[in-house]
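Since the structure comes first, as C-alpha cells, the remarks are kept for the end.
The values are calculated or read from the model by the stated rules, or taken from the named source; none is laboratory data. Everything quoted here is computed from the prediction, not taken from an experiment. Positions of Cβ are generated from backbone atoms using ideal geometry, with glycine treated the same way; all protein chains shown enter the neighbour counts. With ligands, DNA and RNA removed, areas are computed over all heavy atoms of the protein, side chains included. Shrake-Rupley method; radii C 1.70, N 1.55, O 1.52, S 1.80 Å.
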Amino acid sequence: QVQLVESGGGVVQAGDSLRLSCAASGRTFSSHTMGWFRQAPGKEREFVAAIRTDGTTSYADSVEGRFTISRDNTKNTGALQMNSLKPEDTAVYYCAATGRTALIDIKFYNYWGRGTQVTVSS
C-alpha cells in the first residue's frame, strides 16, 4: 500500500509559479511510477506528468516546457514545479502512483492522493 498526500496548491496570477509536493508513506514507493493528474470543473481527470523509478519522465503537451516533475526516493517525496502558469491550468491536482511502468494511462494508477487546488487568475 502507498498513501499519498499533496500540498502546495494555492491562488496565483498568470505567469506565476507554484511547487506542488507529494508525500508518500508505506513501503515500496521507490518502486512505483509517480504521476500528477488534474481535474478542472466539469472536465475529466487528465494526465499532467509522470516519472518512473529510473527517472524517465513524460509530460502532457499542454505543460511541456513549463512544468517539471521530480522525485526523491530517499525521502519518499515527489514534486511538480509549475512555471508560467496560465488560467487554463486551474484545477485540482492529484498525485498518483502505480506499480506498472506505464506513465500516461490513468487506469493503471491505483494509489491516489486527495488532491490540492490550484487556481490561476488572469
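Some points to look at:
- The C-beta contact set for the range 37-48 (first residue among the polar types (S, T, N, Q), second residue assigned to a loop (DSSP other than H, G, I, E, B), distance under 9 angstrom, 6+ apart or interchain) comprises Q39/R45; Q39/G115.
- Matching residues in the range 92-101 - criterion: being out of contact with any His (no Cβ under 7 Å at 6 or more places or on another chain), more than 21 Å from Q13 (Cα to Cα) and surrounded by 16 or more Cβ atoms within 10 Å (Cβ to Cβ): C95, A96
- The range 10-28: number of residues that are at pLDDT below 95 and of a type in the set (S, T, N, Q): 2
- Here W112 passes the criteria (1) in contact (Cβ under 8 Å) with a residue 60 or more places away in the chain; (2) open to solvent by less than 60 Å² (accessible area, probe 1.4 Å); (3) aromatic (F, W, Y) except the one numbered (2).
- Residue ID - surrounded by the most Cβ atoms within 10 Å (Cβ to Cβ), chosen from residues in the range 69-84 that are farther than 16 Å from I104 by Cβ and of a type in the set (V, I, T): T77
- For V11, the stated conditions do not hold, so it cannot be described as assigned to a loop (DSSP other than H, G, I, E, B), over 15 Å from T77 (Cβ atoms) and not aromatic (F, W, Y).
- Number of residues in the range 36-65 that are at negative phi and either part of a loop (DSSP other than H, G, I, E, B) or modelled with pLDDT under 95 (or both) equals 14.
- Residues within the range 35-68 that are under 16 Å from A91 (Cβ atoms) and surrounded by 10 or more Cβ atoms within 10 Å (Cβ to Cβ), tallied: 17
- Options T119, T68, T98; residue that is more than 16 Å from C22 (Cβ to Cβ), in contact with a strand residue (DSSP E or B) (Cβ under 6 Å, 6 or more places away or on another chain) and hydroxyl-bearing (S, T, Y): T119
- Listing of strands (runs of 3 or more DSSP E) fully contained in the range 66-122 that carry 2 or more residues being under 16 Å from R52 (Cα atoms): 67-72, 77-82, 91-98
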